[in-house]
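For reference, the structure discussed in these notes is given below.
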Amino acid sequence: MDRLPENPLILFNNWMEQAKEQELNDPEAMALATCTKSGHPSVRIVLLKSFDEKGFKFHSNAESQKGQEIAENVLAALCFHWKSLRKQVRIEGHIEMASQKEADEYFVGRPYMRKIGAHASAQSRPLDSREFLEQKLEELKKLYPEGSDVPRPDYWVGYLVVPEKIEFWWDNPDRLHDRIVYTKDNQANWNQQRLYP
Ligand SMILES: Cc1cc2nc3c(=O)[nH]c(=O)nc-3n(C[C@H](O)[C@H](O)[C@H](O)COP(=O)(O)O)c2cc1C
């Protein structure tokens, strides 16, 4: 890979398209790292739903552990690892909320049981038993029968990771790996820098 695009989103898109063709499952899966105000980090997988200049979007429960951490500290990082491609992308930036309209549009398109699940799950909070959750699901299925409008719970929101730094790592058989980092300057231009692997 000699000539790299000036905009890292073009390269990210190329790699994502390759991943969609080759990964066994979940090419959109990314590790999301968040951090409390006092510096305690945590990480989990979420699914990338879309990306553009404004940011990398995922959806989640604002009352979950990650939601609470984002509420007190907007700094976050993402990491993709596509095993079949032997490629990694790391993204650092801050998180902004997607608009209510975007959150609604995404929620409407979710499968019925996912919508019901969003109502049933107090994500990240203690659950006494699986049976309790199953019972809650049955009650919600009666309240919102299949085919009816299932409203988006207020806490089910979209988040945008606004990138300030995007790093690409790729494997080279028989020689050292490559690393290129793109950093956004004050004029919102992307600058490229090669790093030692
Ligand atoms: C492949 C995969 C995709 C996932 N996608 C999401 C997602 O898009 N949104 C989400 O809230 N949780 C998703 N999860 C569950 C999270 O990893 C996590 O368990 C949950 O969000 C609670 O995280 P928290 O307690 O740190 O807030 C996914 C898990 C896996 C393994």
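Among the numbered criteria (1) more than 15 Å from the ligand (Cβ to nearest atom); (2) modelled with pLDDT of 95 or more, which single criterion is violated by Glu53?
(2)
Inspect the range 159-181 for any residue being over 27 Å from Ser84 (Cβ atoms), β-branched (Val, Ile, Thr) and in contact with a helix residue (DSSP H, G or I) (Cβ under 9 Å, 6 or more places away or on another chain) and give the result as yes or no.
Among the residues of the range 159-181, not one is over 27 Å from Ser84 (Cβ atoms), β-branched (Val, Ile, Thr) and in contact with a helix residue (DSSP H, G or I) (Cβ under 9 Å, 6 or more places away or on another chain), which makes the answer no.
Tell me which residues, restricted to the range 77-96, are of a type in the set (Val, Ile, Thr) and within 11 Å of the chain's Cα centre (by Cα).
Correct list: Ile91, Ile95.
What pairs can you find where one residue is in the range 13-37 and more than 22 Å from His94 (Cα to Cα) and in contact (Cβ under 8 Å) with a residue 12 or more places away in the chain, the other is within 12 Å of the ligand (Cβ to nearest atom) and small (Gly, Ala, Ser), and their Cβ atoms are less than 9 Å apart, with a gap of 6+ or different chains?
From residues that are more than 22 Å from His94 (Cα to Cα) and in contact (Cβ under 8 Å) with a residue 12 or more places away in the chain, the pairs are Glu23/Ala29.
Could you tell me which of the residues Ala71, Ala31, Ala76, Ala122 is under 20 Å from Pro163 (Cβ atoms) and surrounded by fewer than 15 Cβ atoms within 10 Å (Cβ to Cβ)? Talk me through it step by step, then tell me what you get.
Working: Ala71 fails: under 20 Å from Pro163 (Cβ atoms); Ala76 fails: surrounded by fewer than 15 Cβ atoms within 10 Å (Cβ to Cβ); Ala122 fails: under 20 Å from Pro163 (Cβ atoms).
Exactly one of Ala71, Ala31, Ala76, Ala122 is under 20 Å from Pro163 (Cβ atoms) and surrounded by fewer than 15 Cβ atoms within 10 Å (Cβ to Cβ), namely Ala31.
Just checking: which of the strands (runs of 3 or more DSSP E) contained wholly in the range 93-197 hold 1 or more residues that are of a type in the set (Gly, Ala, Ser) and modelled with pLDDT of 95 or more?
Because the criterion is at least 1 residues that are of a type in the set (Gly, Ala, Ser) and modelled with pLDDT of 95 or more, the strands (runs of 3 or more DSSP E) in the range 93-197 that meet it are 156-170.
Looking at Gln18, Gln22, which one is surrounded by 14 or more Cβ atoms within 10 Å (Cβ to Cβ), among the polar types (S, T, N, Q) and more than 15 Å from the ligand (Cβ to nearest atom)? Show your work before the answer.
On the way: Gln22 fails: surrounded by 14 or more Cβ atoms within 10 Å (Cβ to Cβ).
Answer to the check: Gln18.
So, in the range 56-76, how many residues would count as being over 12 Å from the mean Cα position of the chain (by Cα), within 12 Å of the ligand (Cβ to nearest atom) and of a type in the set (S, T, N, Q)?
The total comes to 4.
Kindly indicate whether Lys83 is within 12 Å of the ligand (Cβ to nearest atom) and either buried (at least 19 other Cβ atoms within 10 Å of the Cβ) or over 18 Å from Tyr155 (Cβ atoms) (or both).
It is false that Lys83 is within 12 Å of the ligand (Cβ to nearest atom) and either buried (at least 19 other Cβ atoms within 10 Å of the Cβ) or over 18 Å from Tyr155 (Cβ atoms) (or both).
The values are calculated or read from the model by the stated rules, or taken from the named source; none is laboratory data. These numbers come from a predicted model, not from an experiment. As a convention, Cβ positions derive from the backbone with ideal geometry for all residues, glycine included, and neighbour counts pool all protein chains shown.
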